[in-house]
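Novice: One structure follows; several queries about it will come next.
The values are calculated or read from the model by the stated rules, or taken from the named source; none is laboratory data. The structure presented is a predicted model; accordingly, all values stated were derived computationally and were not measured. Here Cβ is always computed from backbone atoms with ideal geometry, including for glycine, and neighbour counts include all displayed protein chains.
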């Protein structure tokens with residue numbers, strides 16, 4: 001009998017381990033990134049430009065951010081900026097070097113990662129790169145005004161450029177974007193002017209495209225999705241849906257992430273979700289109805305409702321225990337917050353940005369798996385924060401570091417195993433992140449320095 005009892009206990013323990021392992025394995029790993037050499041960074045995939053991380057001092061430009069494989073980051077050093085699609089193969093310690101000699105370039109851990117071709121001198125600098133240097137490139141930022149000169153130079157290095165990411169910020173279109181896509185075979189594409197999307201057809205070069213960020217023009221997207229069979233992540237900003245207009249995504253069987261930012265979207269009935277969707281980020285989409293459609297997404301592990309201020313009721317996926325990253329809407333009540341924390345046993349990341357209804361953080365004590373917390377709340381809302389000993393990363397608004405450094409020191413003493421770092425949000429206006437974020441960040445940095453010098 002004793003042997004049977006021991007055997008039964010072993011079997012139960014094994015099943016419990018399998019169950020726990022399966023639950024924790026739902027979705028990709030959530031990493032904490034240490035980024036050295038930057039003055040601000042945000043995870044565009046999950047928060048657009050609404051909240052990001054910044055260094056604690058101007059002398060030591062080191063910041064901390066949470067991300068998962070495939071997330072798109074926007075990183076700044078003062079008035080210099082670049083895009084980076086996170087790859088865990090690069091490691092979690094990312095050392096950046098910005099170079100403005102010849103062509104604006106960014107080196108990641110000593111290797112050329114990003115280059116911007118915007119003027120004749122930058123084309124010349126690119127032409128002087130060696131083949132191994134070009135093969136290191138992860139992202140090309142191109143300006144349409146130099147399109148005729150750029151494409152022949154890129155064609156000379158077509159084999160090395162396959163899979164590189166493309167950023168097309170300039171409003172002037174390339175004469176033949178399809179030709180450019182054929183030369184580079186990009187894994188991700190950022191288009192400020194969505195009208196540049198070529199008409200789909202037999203020669204459309206979207207094969208291998210894993211991430212697409214477009215602004216406003218969903219009509220082009222509707223024609224294009226049939227050619228994007230490899231698409232894993234779709235980011236749309238500034239969309240104003242027409243009456244009855246639907247985003248046809250169900251055919252994208254590889255799509256795992258959808259981000260809608262600064263949109264006039266009012267109902268989830270306008271989205272034809274694929275069942276493969278694992279990450280849904282609705283950022284600054286003020287009024288949303290038909291939230292119950294989230295229940296039809298069985299694989300959802302991340303849900304962001306940052307800066308959404310008229311969502312009722314708060315709806316969770318059919319498998320809430322699988323949710324590991326939750327960003328709360330602005331209008332969440334404290335009662336909803338308490339109920340939410342009781343029903344999400346597997347959550348590792350909680351973000352609460354401008355959630356005025358939260359009275360204190362005591363409900364977070366229910367979340368045993370909680371590792372990362374990002375808060376843009378008033379100090380009187382932070383009661384109970386010092387008891388969350390399981391936290392690995394805590395991002396608080398940088399105003400607290402400037403105005404109440406003694407309280408920050410006490411908090412760090414209470415949470416010795418937690419990185420406590422500053423963050424800030426940038427409220428942008430619909431669909432203008434690509435153009436306005438550098439300017440706004442410069443003004444934000446200048447104001448912060450002025451505040452610190454006057455303290």
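Novice: Filter the range 402-431 down to residues that are surrounded by fewer than 17 Cβ atoms within 10 Å (Cβ to Cβ) and modelled with pLDDT under 65 and give me whichever is nearest to residue 260 (Cα to Cα). Step through it out loud before you land on a result.
Specialist: From the range 402-431, those surrounded by fewer than 17 Cβ atoms within 10 Å (Cβ to Cβ) are 402-407, 409-410, 412-414, 416-417, 419, 427, 429-430; that's our starting set.
If we keep only those that are modelled with pLDDT under 65 too, we end up with 427, 429-430.
Numbers: 427: 15, 429: 14, 430: 11 Å.
Top of the filtered list is 430.
Novice: Do we have residue 183 as at pLDDT below 95 and touching a helix residue (DSSP H, G or I) at 6+ places or on another chain (Cβ under 6 Å) here?
Specialist: Yes; evaluated as a whole, the condition is true for this residue.
Novice: Follow-up. How many of the residues in the range 323-339 are buried (at least 21 other Cβ atoms within 10 Å of the Cβ) and in contact with a helix residue (DSSP H, G or I) (Cβ under 8 Å, 6 or more places away or on another chain)?
Specialist: Result for the range 323-339: 6.
Novice: Further question on the same structure: So, of the residues in the range 303-312 that are more than 16 Å from the chain's Cα centre (by Cα) and part of a loop (DSSP other than H, G, I, E, B), which turns out to be nearest to residue 265 (Cα to Cα)?
Specialist: We begin by selecting, within the range 303-312, every residue more than 16 Å from the chain's Cα centre (by Cα); these are 308-312.
Filter once more, keeping what is part of a loop (DSSP other than H, G, I, E, B): 308-309, 312.
Numbers: 308: 11, 309: 13, 312: 15 Å.
Checking each candidate, the answer is 308.
Novice: One residue is enough: does the range 264-279 have a residue meeting the conditions modelled with pLDDT of 80 or more, touching a helix residue (DSSP H, G or I) at 6+ places or on another chain (Cβ under 8 Å), under 25 Å from residue 178 (Cβ atoms) and not in a strand (DSSP E or B)? Working first, answer last.
Specialist: Filtering the range 264-279 down to residues modelled with pLDDT of 80 or more leaves 264-279.
Pick out the ones that are also touching a helix residue (DSSP H, G or I) at 6+ places or on another chain (Cβ under 8 Å) and you get 268-269, 271, 273, 275, 279.
If we keep only those that are under 25 Å from residue 178 (Cβ atoms) too, we end up with none.
No - not one qualifying residue is present in the range 264-279.
Novice: So which of 288, 300 ends up being under 26 Å from residue 245 (Cβ atoms) and either free of Cβ contacts under 8 Å to residues at least 12 places away in the same chain or not in a loop (DSSP other than H, G, I, E, B) (or both)?
Specialist: 288
Novice: Got a sec? Which of 87, 79 is touching a helix residue (DSSP H, G or I) at 6+ places or on another chain (Cβ under 7 Å), closer than 23 Å to residue 168 by Cβ and surrounded by fewer than 24 Cβ atoms within 10 Å (Cβ to Cβ)?
Specialist: 79
Novice: Quick one: how many residues across the range 313-330 are assigned to a loop (DSSP other than H, G, I, E, B) and more than 20 Å from residue 44 (Cα to Cα)?
Specialist: Qualifying residue count for the region: 7.
Novice: Across the range 78-99, which residue is modelled with the lowest pLDDT among those that are assigned to a strand (DSSP E or B) and more than 26 Å from residue 281 (Cα to Cα)? Steps first, please.
Specialist: Looking only at the range 78-99, we keep the residues that are assigned to a strand (DSSP E or B), and these are 80-85, 93-99.
Add one more test, that the residue is more than 26 Å from residue 281 (Cα to Cα), and what stays is 80, 95-99.
On the way: 80: 92, 95: 98, 96: 97, 97: 97, 98: 96, 99: 95.
Top of the filtered list is 80.
Novice: A follow-up question, please. Just one of 209, 260 is touching a strand residue (DSSP E or B) at 6+ places or on another chain (Cβ under 8 Å), at pLDDT 90 or above and assigned to a loop (DSSP other than H, G, I, E, B); which is it? It would help to see each step written out before you state the result.
Specialist: Working: 260 fails: assigned to a loop (DSSP other than H, G, I, E, B).
Result of the check over 209, 260: 209.
Novice: How many residues does the range 135-157 contain that are touching a helix residue (DSSP H, G or I) at 6+ places or on another chain (Cβ under 8 Å), surrounded by 19 or more Cβ atoms within 10 Å (Cβ to Cβ) and farther than 13 Å from residue 174 by Cβ?
Specialist: 2
Novice: Shifting gears a bit: For the range 50-69, name all the residues that are farther than 26 Å from residue 278 by Cβ, at pLDDT 90 or above and assigned to a loop (DSSP other than H, G, I, E, B).
Specialist: Of everything in the range 50-69, those that are farther than 26 Å from residue 278 by Cβ, at pLDDT 90 or above and assigned to a loop (DSSP other than H, G, I, E, B) turn out to be 54, 55, 56, 61.
Novice: Moving on to the next point. Condition first: at pLDDT 95 or above and surrounded by fewer than 16 Cβ atoms within 10 Å (Cβ to Cβ). Now tell me which residues in the range 100-112 satisfy that.
Specialist: 109, 110, 111
Novice: Still on this structure, I have one more. Considering only the range 113-134, how many residues are assigned to a loop (DSSP other than H, G, I, E, B) and surrounded by 16 or more Cβ atoms within 10 Å (Cβ to Cβ)? Even if it seems obvious, please write down each step before you answer.
Specialist: Quick first cut of the range 113-134, residues assigned to a loop (DSSP other than H, G, I, E, B) only: 118-119, 128-130.
Pick out the ones that are also surrounded by 16 or more Cβ atoms within 10 Å (Cβ to Cβ) and you get 118, 129.
The total comes to 2.
Novice: Of all residues in the range 30-45, count the ones that are touching a helix residue (DSSP H, G or I) at 6+ places or on another chain (Cβ under 8 Å) and surrounded by 18 or more Cβ atoms within 10 Å (Cβ to Cβ).
Specialist: The qualifying residues number 3.
Novice: Select, from 382, 323, the only residue that is closer than 14 Å to residue 303 by Cβ and free of Cβ contacts under 8 Å to residues at least 60 places away in the same chain.
Specialist: Details: 382 fails: closer than 14 Å to residue 303 by Cβ.
Every option except 323 fails the conditions.
Novice: Further question on the same structure: Just one of 386, 398 is touching a helix residue (DSSP H, G or I) at 6+ places or on another chain (Cβ under 8 Å) and at pLDDT 95 or above; which is it?
Specialist: Among 386, 398, only 386 is touching a helix residue (DSSP H, G or I) at 6+ places or on another chain (Cβ under 8 Å) and at pLDDT 95 or above.
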